[in-house]
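A.B. asks: Here it is: the structure, laid out below.
The values are calculated or read from the model by the stated rules, or taken from the named source; none is laboratory data. Just so it is clear, the model here is predicted, and its values are computed rather than measured. As a convention, Cβ positions derive from the backbone with ideal geometry for all residues, glycine included, and neighbour counts pool all protein chains shown. Note: accessible area is taken over every heavy atom of the protein model, side chains too, but ligands, DNA and RNA are not part of it. Shrake-Rupley method; radii C 1.70, N 1.55, O 1.52, S 1.80 Å.
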Amino acid sequence: MTLRVGVVGGGQLARMMIAPAVEIGIELCVLAEQDGMAAGLAASAVGDYRDEQTVLDFARTVDVVTFDHEHVPQPVLRALVDAGIAVHPGPDALLYAQDKLLMRARLDELGMPQPDWAAVTDTTGLQRFLDEHGGRAVVKTPRGGYDGKGVRVVETATEADDWFAALAEDARGGALLVEELVDFRRELSQQVARRPSGQIRAYPVVETVQRDGVCAEVIAPAPHLSARLGEVAAEVGTGIAEGLGVTGMLAVEMFETTDDRVLVNELAMRPHNSGHWSQDGAVTGQFEQHLRAVLDLPLGDPSPRQEWAVMVNILGGPQSDALDARFARVMAAHPGVKLHTYGKDPRPGRKVGHVNAVGDDLDDVVYDARAAAAFFEG
Ligand code: ADP
């Protein structure tokens, strides 16, 4: 009987699981938020992922439930587990991708390298942290942030007044996360895959470049990384996957500091933008690996196929109504570059696709990927 994986969420991450699902002979079913989403090509149901009954009904049609995003509420996740449904990653792990304060506390317990941090509930607490950390810090809302929304660099405690006011109105109460402003050389991402039965494989650590809080470019592996930091990053990734009991793909976003340390920034428990290079650059791409992992099948080899892979995101801009014509021009001009499109209506700043280039000369690969992506600018 064909195995069926159910993905909650119909975005591009679910969409990119479709091709490997077809290849390895499993069925992919998607619970999409609405009609016409990026993953609508798969067998899709449409429904609200916050509604317990909707998600339960969907889950009963598949062998395992996994996710395109981390927003399914804990009570819904727990109801699935209570109903005997296989959920990967499970609620106990996902909690730490949903709430940055819980994540910081748990990673401290696991002894993971992190920025200094504190939970603050008012301006006095925030001012104290600022005074102890050179007068600048990063304030974050623990839940619901993405692409840099919910992250603010502050120099005076009053700059977070609106967030404190929102907390005061929230019946659940809670606190803001404040972190030292890390002096970093660059940002890295370490991905690992882990099966429920324990097998674990680490991808090479990559360099990620963000623009306006959004991932713009990824270079795999991270150029000029010391062997020691590469080992530390892999140890941190596997340590977190095991320590939190993550199943499926885990991405650990990190800072490489100017004094040669790595510090964990945040976690994603699903395929991740920093791993799109692996579709064309690794023996086993992250989307196939995620499917293998959540089905508890033997993991594939995460090694790079060639020396370098570079991924550049394509963001929909004001002019991108002509995307289709541009795809053909990119294909003609860059036959060695792989195009990935998400079937989304272009909107300014919205991720609508990416390109991957691979090869043995980093300058050539960077040039190819950037030149191909540049067709979509402006
Ligand atoms: P999001 O959940 O929106 O992706 P992140 O926590 O990853 O938010 O932060 C977004 C960006 O803000 C990071 O990629 C990094 O560039 C910057 N940033 C976050 N935390 C810190 C920090 N403690 N020190 C310096 N820069 C930070």
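A.B. asks: Is there any pair with a first residue in the stretch 100-118 that is under 17 Å from Arg143 (Cβ atoms) and a second that is away from the ligand (no atom under 12 Å from the Cβ) and among the hydroxyl-bearing types (Ser, Thr, Tyr) whose Cβ atoms are under 6 Å apart and which are 6 or more apart or on different chains, and what are they?
C.D. replies: Once the first residue is under 17 Å from Arg143 (Cβ atoms) and sits in the stretch 100-118, its partners that are away from the ligand (no atom under 12 Å from the Cβ) and among the hydroxyl-bearing types (Ser, Thr, Tyr) give Leu102/Tyr96; Met103/Tyr96; Arg106/Tyr96.
A.B. asks: Just need a number here: residues in the stretch 1-26 that are within 24 Å of Asp82 (Cα to Cα) and not hydrophobic (A, V, I, L, M, F, W, C).
C.D. replies: The total comes to 3.
A.B. asks: Is it the case, given these coordinates, that Met249 is surrounded by 24 or more Cβ atoms within 10 Å (Cβ to Cβ), on the phi < 0 side of the Ramachandran plot and within 16 Å of the ligand (Cβ to nearest atom)?
C.D. replies: When the stated conditions are applied, Met249 does not pass them.
A.B. asks: In addition: Let me spell it out: the conditions are (1) within 10 Å of the ligand (Cβ to nearest atom); (2) open to solvent by 80 Å² or more (accessible area, probe 1.4 Å), and Glu180 meets all of them except one. Which number is the exception?
C.D. replies: (2)
A.B. asks: Also: What's the number of the only condition in (1) open to solvent by 10 Å² or more (accessible area, probe 1.4 Å); (2) part of a loop (DSSP other than H, G, I, E, B) that Arg292 fails to meet?
C.D. replies: Checking Arg292 against (1) open to solvent by 10 Å² or more (accessible area, probe 1.4 Å); (2) part of a loop (DSSP other than H, G, I, E, B), the one that fails is (2).
A.B. asks: Would you please name the residue that is least open to solvent (accessible area, probe 1.4 Å), looking only at residues in the stretch 22-58 that are out of contact with any strand residue (DSSP E or B) (no Cβ under 7 Å at 6 or more places or on another chain) and of a type in the set (Gly, Ala, Ser)?
C.D. replies: Taking the candidates together, the pick is Ala38.
A.B. asks: Could you please give the count of residues in the stretch 126-163 that are farther than 23 Å from Tyr96 by Cβ, open to solvent by less than 60 Å² (accessible area, probe 1.4 Å) and at pLDDT 95 or above?
C.D. replies: Residues flagged as farther than 23 Å from Tyr96 by Cβ, open to solvent by less than 60 Å² (accessible area, probe 1.4 Å) and at pLDDT 95 or above within the stretch 126-163 amount to 5.
A.B. asks: Mind counting the residues in the stretch 337-375 that are at pLDDT 90 or above, assigned to a loop (DSSP other than H, G, I, E, B) and open to solvent by less than 60 Å² (accessible area, probe 1.4 Å)?
C.D. replies: Residues meeting the conditions: 2.
A.B. asks: Sticking with this one: Any residue at all in the stretch 88-100 that is in contact with a helix residue (DSSP H, G or I) (Cβ under 9 Å, 6 or more places away or on another chain) and surrounded by fewer than 18 Cβ atoms within 10 Å (Cβ to Cβ)?
C.D. replies: yes
A.B. asks: What's the number of the condition Glu187 fails, among (1) open to solvent by less than 40 Å² (accessible area, probe 1.4 Å); (2) more than 16 Å from the ligand (Cβ to nearest atom)?
C.D. replies: With respect to (1) open to solvent by less than 40 Å² (accessible area, probe 1.4 Å); (2) more than 16 Å from the ligand (Cβ to nearest atom), Glu187 is out only on (2).
A.B. asks: Only one residue in Leu291, Leu229 is under 25 Å from Ile26 (Cα atoms) and over 15 Å from the mean Cα position of the chain (by Cα). Which one?
C.D. replies: Leu291
A.B. asks: Something else: I'd like to verify a number: residues in the stretch 253-272 that are more than 10 Å from the ligand (Cβ to nearest atom), outside any loop (DSSP other than H, G, I, E, B) and of a type in the set (D, E, K, R), how many?
C.D. replies: 1
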